[in-house]
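Chemist: Take this structure first; my questions come after.
The values are calculated or read from the model by the stated rules, or taken from the named source; none is laboratory data. The model shown is predicted, which means the values in this text are computed figures rather than measured ones. Here Cβ is always computed from backbone atoms with ideal geometry, including for glycine, and neighbour counts include all displayed protein chains.
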Ligand SMILES: Cc1cc2nc3c(=O)[nH]c(=O)nc-3n(C[C@H](O)[C@H](O)[C@H](O)COP(=O)(O)OP(=O)(O)OC[C@H]3O[C@@H](n4cnc5c(N)ncnc54)[C@H](O)[C@@H]3O)c2cc1C
Ligand SMILES: NC(=O)c1ccc[n+]([C@@H]2O[C@H](COP(=O)([O-])OP(=O)(O)OC[C@H]3O[C@@H](n4cnc5c(N)ncnc54)[C@H](OP(=O)(O)O)[C@@H]3O)[C@@H](O)[C@H]2O)c1
Ligand SMILES: *[C@@H]1O[C@H](CO)[C@@H](O)[C@H](O)[C@H]1NC(C)=O
Ligand SMILES: *[C@@H]1O[C@H](CO)[C@@H](O)[C@H](O)[C@H]1NC(C)=O
Ligand SMILES: *[C@@H]1O[C@H](CO)[C@@H](O)[C@H](O)[C@H]1NC(C)=O
């Protein structure tokens with residue numbers, strides 16, 4: 001069977017159990033026009049224990065692979081793990097996208113692995129927080145998709161479940177699914193490593209210099225007591241890697257003139273939406289929210305009854321913004337900071353000045369990044385640049401979109417790297433990840449075949465043309481294509 005848009009969609013159409021048990025078509029080889037894996041796939045690493053990683057764990061385990069799942073957080077749940085602990089301040093100006101989530105932390109050169117270090121006091125606390133990456137959700141967040149399409153098909157929500165679900169209910173549901181499959185943090189499952197961040201994925205070569213798979217550099221950080229923690233680095237080899245690390249790890253902050261000086265002068269007053277938790281710190285204040293998509297609109301609604309005034313800087317369109325916020329155009333520049341933030345001014349694109357702001361929230365979105373794959377990042381390639389002569393072909397350029405992934409799943413140059421939930425135009429990520437898991441297991445088991453590499457690149461070029469080039473819209477295959 002060749003995998004095409006249509007076949008993936010055939011998977012979507014087929015009942016999950018049927019898709020697992022009765023491959024639609026299972027030739028012993030893919031024929032001369034199909035891609036043959038360079039090495040057999042038996043050992044599979046899965047990165048991330050959100051809905052996507054958990055579903056892949058189930059699928060790969062049931063298909064007989066030797067699976068290991070790595071998660072930087074201390075429990076499964078992914079994006080739905082709410083904590084009062086917040087992510088660290090976003091870099092202003094933006095860090096290079098390859099390190100915008102984290103800069104890979106590697107053991108000192110030349111040390112024998114496994115290698116350990118112990119940390120004390122503030123250093124220990126900071127390390128634990130950065131290592132696990134607190135998630136970008138707030139106390140009152142509810143889902144924006146109806147419950148019936150935000151579910152694992154195996155465990156449907158009971159009839160009568162509210163359509164809008166509070167985040168903690170989704171979080172518990174995700175952990176219930178994990179428990180059901182023995183992949184919760186209290187299952188003592190030897191195929192799981194929590195508190196373990198994937199720092200680096202490198203191509204591995206055999207004794208003859210032939211490509212043979214992947215080596216992961218892993219860092220596990222555990223708390224020893226309230227004051228100290230321990231980091232341990234080690235490596236592990238795999239034949240293929242499922243990357244289910246989510247899309248909302250790296251904040252995006254627009255490079256507005258003058259902003260860096262404000263960030264330096266008023267560090268506690270500038271926050272990214274991923275750090276927002278609750279309205280209390282903003283009571284009675286004047287808040288400027290930059291961006292008015294889902295995060296910007298919902299944070300405005302959450303703050304609205306508690307603050308003095310909300311200015312919302314809108315660029316293109318707005319969603320769910322309350323009617324009594326003061327909408328303002330894009331910000332042209334931040335004037336040189338005065339001694340207080342309230343006394344400092346912001347100039348809008350239409351020339352108007354605003355002063356008296358107490359706090360700023362950047363609801364300006366996220367960037368795609370895979371810090372553990374620096375070899376496939378190249379931020380000197382701009383959105384309009386062609387990359388066909390680059391070696392290796394980049395996956396991430398400026399972070400607004402992803403390249404070189406067929407159907408946003410298989411890395412065309414080396415399809416033993418598989419990506420989960422990277423398309424934003426497909427059905428909800430819970431459902432979408434189930435079909436991706438089926439596609440990945442079939443191809444890596446040799447039961448379904450990708451078209452040849454040249455055909456994949458041809459289709460990729462066609463997609464670039466059809467979508468009028470790269471940009472944030474590029475990861476939007478959209479509903480017509482998924483019919
Ligand atoms: C504010 C907000 C609201 C949302 N609301 C909805 C909604 O209403 N409905 C909906 O369907 N979706 C919503 N989403 C999207 C949400 O991301 C998906 O529902 C879902 O969580 C995606 O699952 P995932 O497994 O692909 O990624 P995630 O849930 O993000 O999980 C990724 C996991 O990978 C781990 N990880 C990352 N890097 C590493 C590493 N280097 N090493 C080890 N582990 C790593 C992370 O710790 C995380 O646990 C929302 C997202 C945000 C930010
Ligand atoms: N309840 C929920 O379920 C819920 C709540 C929040 C978020 N989410 C999800 O989380 C994901 C991220 O959402 P998000 O809202 O954080 O990010 P987002 O969708 O990427 O939106 C960021 C917004 O910031 C705007 N922006 C960027 N730079 C700007 C500038 N200089 N001035 C003014 N505006 C600027 C962008 O405008 P342009 O479009 O012009 O670039 C865009 O509208 C989405 O998938 C969303 O659906 C869900
Ligand atoms: C906006 O209206 C809400 C009621 O809908 C009110 O609670 C809030 O104080 C108002 N906010 C502002 C900034 O005027
Ligand atoms: C600029 O925008 C602000 C906020 O929308 C508005 O109050 C002001 O009148 C505008 N100024 C001009 C010159 O259009
Ligand atoms: C990144 O791309 C640029 C432009 O194509 C190229 O010159 C450069 O060598 C690339 N860098 C890396 C590290 O591959």
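Chemist: I'd like the full set of residues that are within 16 Å of ligand 2 (Cβ to nearest atom), in contact with a helix residue (DSSP H, G or I) (Cβ under 9 Å, 6 or more places away or on another chain), free of Cβ contacts under 8 Å to residues at least 40 places away in the same chain and outside any strand (DSSP E or B), limited to the stretch 299-314.
Modeler: Listed by number, the residues that qualify are 303, 314.
Chemist: Now, a different point. At negative phi, within 16 Å of ligand 1 (Cβ to nearest atom) and within 17 Å of the chain's Cα centre (by Cα), is that true of residue 401?
Modeler: When the stated conditions are applied, residue 401 does not pass them.
Chemist: Applying the selection to the stretch 377-394, what residues are under 14 Å from residue 457 (Cβ atoms) and either within 16 Å of ligand 1 (Cβ to nearest atom) or loosely packed, with under 11 Cβ neighbours inside 10 Å (or both)?
Modeler: 388, 389, 391 - these are the residues of the stretch 377-394 that are under 14 Å from residue 457 (Cβ atoms) and either within 16 Å of ligand 1 (Cβ to nearest atom) or loosely packed, with under 11 Cβ neighbours inside 10 Å (or both).
Chemist: Could you pull out the residue among 340, 364, 355, 316 that is at pLDDT below 95 and more than 16 Å from ligand 3 (Cβ to nearest atom)?
Modeler: 316
Chemist: Same structure, new question: State whether the residues of the stretch 428-442 include one that is more than 16 Å from ligand 1 (Cβ to nearest atom), out of contact with any helix residue (DSSP H, G or I) (no Cβ under 7 Å at 6 or more places or on another chain) and outside any helix (DSSP H, G or I).
Modeler: The answer is no, given that none of the residues of the stretch 428-442 is more than 16 Å from ligand 1 (Cβ to nearest atom), out of contact with any helix residue (DSSP H, G or I) (no Cβ under 7 Å at 6 or more places or on another chain) and outside any helix (DSSP H, G or I).
Chemist: I'd like the full set of residues that are in contact (Cβ under 8 Å) with a residue 60 or more places away in the chain and either over 14 Å from residue 476 (Cβ atoms) or within 16 Å of ligand 3 (Cβ to nearest atom) (or both), limited to the stretch 410-428.
Modeler: Of everything in the stretch 410-428, those that are in contact (Cβ under 8 Å) with a residue 60 or more places away in the chain and either over 14 Å from residue 476 (Cβ atoms) or within 16 Å of ligand 3 (Cβ to nearest atom) (or both) turn out to be 414, 415, 416, 417, 418, 419, 420, 428.
Chemist: Okay, next question. Quick check, is residue 187 farther than 22 Å from residue 74 by Cβ, in a loop (DSSP other than H, G, I, E, B) and more than 16 Å from ligand 5 (Cβ to nearest atom)?
Modeler: Taking the combined requirement at face value, the residue does not satisfy it.
Chemist: Residues of the stretch 336-351 being under 17 Å from residue 312 (Cα atoms), part of a loop (DSSP other than H, G, I, E, B) and more than 34 Å from the chain's Cα centre (by Cα), which ones?
Modeler: Answer for the stretch 336-351, where residues must be under 17 Å from residue 312 (Cα atoms), part of a loop (DSSP other than H, G, I, E, B) and more than 34 Å from the chain's Cα centre (by Cα): 342, 350, 351.
Chemist: Return the only residue of 245, 217 being assigned to a loop (DSSP other than H, G, I, E, B), under 21 Å from the mean Cα position of the chain (by Cα) and surrounded by 19 or more Cβ atoms within 10 Å (Cβ to Cβ).
Modeler: The conditions single out 245.
Chemist: I'd like to check something: does the stretch 325-334 contain any residue that is within 28 Å of residue 280 (Cα to Cα), part of a loop (DSSP other than H, G, I, E, B), away from ligand 4 (no atom under 14 Å from the Cβ) and touching a strand residue (DSSP E or B) at 6+ places or on another chain (Cβ under 6 Å)?
Modeler: No: zero hits.
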